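Questions regarding the structure given below will be posed in turn.
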Amino acid sequence: MPVTRSAFTDAYARLSEVLPGLGVTEPATAGEVPRGGGWVGAASLAAGEAELEAFLAWDDAQVLRDYGQRARPDVVASFGLHRYAWPACLLITVPWFLHRRVPRCPVTRVAYDRSAAGLPLGRMAVRPTGFACLPGDPAAALPGARVVADEEALRTEVRAAVAEHLEPVLAGFGPRMRRRGRALWGMATDEVVEGLWYVAHLLGEQERARHELELLLPGATKPYVGDAAFRELKGPDGEPLHTRDRASCCMFYTLRPEDTCTTCPRTCDADRVNKMLATAS
């Protein structure tokens with residue numbers, strides 16, 4: 001597949017460098033993303049029909065293979081949405097975090113292939129329709145650039161770009177998840193925050209990411225639910241341990257009730273500390 005360079009190429013290359021399980025490609029064919037051969041278009045997932053059914057069959061088989069039991073259909077759909085939305089949000093948040101450039105990526109311009117050999121998280125293809133940047137950015141002279149006034153205006157662009165992409169995707173997955181409205185946008189909030197927070201840790205910039213995400217999602221930023229929700233716990237020697245409270249539940253507890261996520265609302269602070277210390281060791 002011929003590829004091209006853009007205002008985001010360096011950001012995507014850096015993402016794949018620190019997170020080698022995820023590949024990102026920018027197809028050179030104007031306005032098109034790949035189809036077939038493992039690729040599924042985001043627009044097809046949003047349509048909620050046969051291609052979404054095939055997409056979720058992968059999650060259904062994975063749960064049975066890894067846990068020896070079948071998950072409820074709504075749990076399978078929740079897993080499938082997470083596995084798509086987590087990397088999809090990074091297509092927008094990573095260029096913003098690294099270079100202060102915010103691409104617009106409607107569902108017609110993104111495709112996902114999670115069957116790619118050697119890439120546990122799969123690979124994404126993206127053809128942004130344009131982007132926002134700050135005054136003085138050399139990329140402001142590129143086609144499709146739109147200069148905004150300041151950092152807050154750029155954060156508004158991030159929220160709008162993610163919402164533009166996720167809204168139709170949530171509409172496609174929602175009925176299968178038996179969730180709607182606030183519950184779905186709570187998941188969107190978590191994907192934005194936890195995806196970038198994780199990548200920032202790999203970049204050695206986790207503290208800056210917490211600050212940036214608190215400004216990005218301070219609360220009352222509809223359609224998102226809640227704020228970034230970071231808080232600090234103390235380890236056994238008084239060391240600071242950073243956590244957050246998810247706005248939604250990933251439903252993993254339905255498979256392993258005793259093994260909830262570190263940021264799950266069901267996980268008490270003592271268990272969070274133990275889990276974080278175990279991960280660090």
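The values are calculated or read from the model by the stated rules, or taken from the named source; none is laboratory data. All of these numbers come straight from a predicted model, not from anything done at the bench. Reconstructed Cβ throughout: ideal geometry from the backbone, glycine too, with neighbour counts over all protein chains shown. Just the protein is used for accessible areas: all its heavy atoms, side chains included, with ligands, DNA and RNA removed. Shrake-Rupley method; radii C 1.70, N 1.55, O 1.52, S 1.80 Å.
Among LEU196, GLY144, VAL107, pick out the residue whose Cα is farthest towards the positive end of the charge dipole of the chain, where Lys and Arg carry +1 and Asp and Glu carry -1 on C-beta, about the Cα centre.
Result: VAL107, furthest along the dipole toward the positive end.
With each run of n ≥ 4 DSSP H residues scored as -39500 (n - 2.57), what mean residue ellipticity at 222 nm is computed for the chain after dividing by its residue count and rounding to the nearest 500 deg cm²/dmol?
Value at 222 nm, helices only, nearest 500: -16000 deg cm²/dmol.
Kindly report the accessible area of the chain per residue (heavy atoms of protein chains, probe 1.4 Å, no ligands, DNA or RNA), in Å².
That works out to 45 Å² per residue.
Okay, moving on. Would you please classify the overall shape of region 132-281 from the alpha carbon gyration tensor, given that a ≥ b ≥ c denote the square roots of the eigenvalues, rounded means a/c under 1.5, and beyond that prolate means a/b larger than b/c while oblate covers the rest?
Because a/c hits 1.5 or more and a/b fails to exceed b/c, region 132-281 counts as oblate.
Subtract the Cα-Cα distance of ARG70 and ASP245 from 0.36 nm times their separation in residues, and report this length gain in nm to one decimal.
Additional length available on full extension: 60.2 nm.
Where does region 62-196 land on the Kirkwood hydrodynamic radius, alpha-carbon pairs, in angstrom?
Hydrodynamic radius (Kirkwood, Cα only) of region 62-196 equals 16.1 Å.
Something else: Taking the Cα centre as origin and putting +1 on Lys and Arg beta-carbons and -1 on Asp and Glu beta-carbons, what dipole magnitude results for the chain, to the nearest 20 debye?
It comes to approximately 540 debye.
Over the C-alpha atoms of region 120-200, what are the Rg and the largest Cα-to-Cα span, Dmax, in Å?
So, for region 120-200, Rg and Dmax equal 15.4, 46 Å respectively.
Another one. Pull up the DSSP beta bridges for the chain and report the antiparallel fraction as a percent, rounded to 5.
So the antiparallel bridges in the chain amount to around 70 percent.
No other cysteine beta carbon under 4.7 Å away is the test; run it over the chain and list who passes.
Lacking a cysteine Cβ partner under 4.7 Å: CYS89, CYS105, CYS133, CYS249, CYS250, CYS268.
Rounded to the nearest 20 debye, what is the charge dipole size of region 129-281 about its Cα centre when +1 sits on each Lys and Arg Cβ and -1 on each Asp and Glu Cβ?
Dipole size: approximately 780 debye.
Report the dimensions of the chain along its three principal axes from the alpha-carbon atoms, largest first, rounded to Å.
Largest first, the chain extends 52, 45, 35 Å along its Cα principal axes.
Can I ask one more? If I take every Cα pair under 8 Å that is 6 or more residues apart in the chain, average their sequence separation and divide by the length, what percent do I get for the relative contact order?
Dividing the mean separation by the residue count of the chain yields 18 percent.
Restricting things to alpha carbons, tell me how big region 100-162 is in terms of Rg and Dmax, in Å.
14.2, 43
While we're on this one: May I ask you to give the percent of accessible area on region 76-130 that is carbon plus sulfur, with a probe radius of 1.4 Å?
54
Out of the total accessible area of region 166-281 (probe 1.4 Å, heavy atoms of protein only), what percent is carbon and sulfur?
52
Moving on to the next point. Quick one: Cα centre-to-centre distance for region 144-164 and region 37-91, in angstrom?
29
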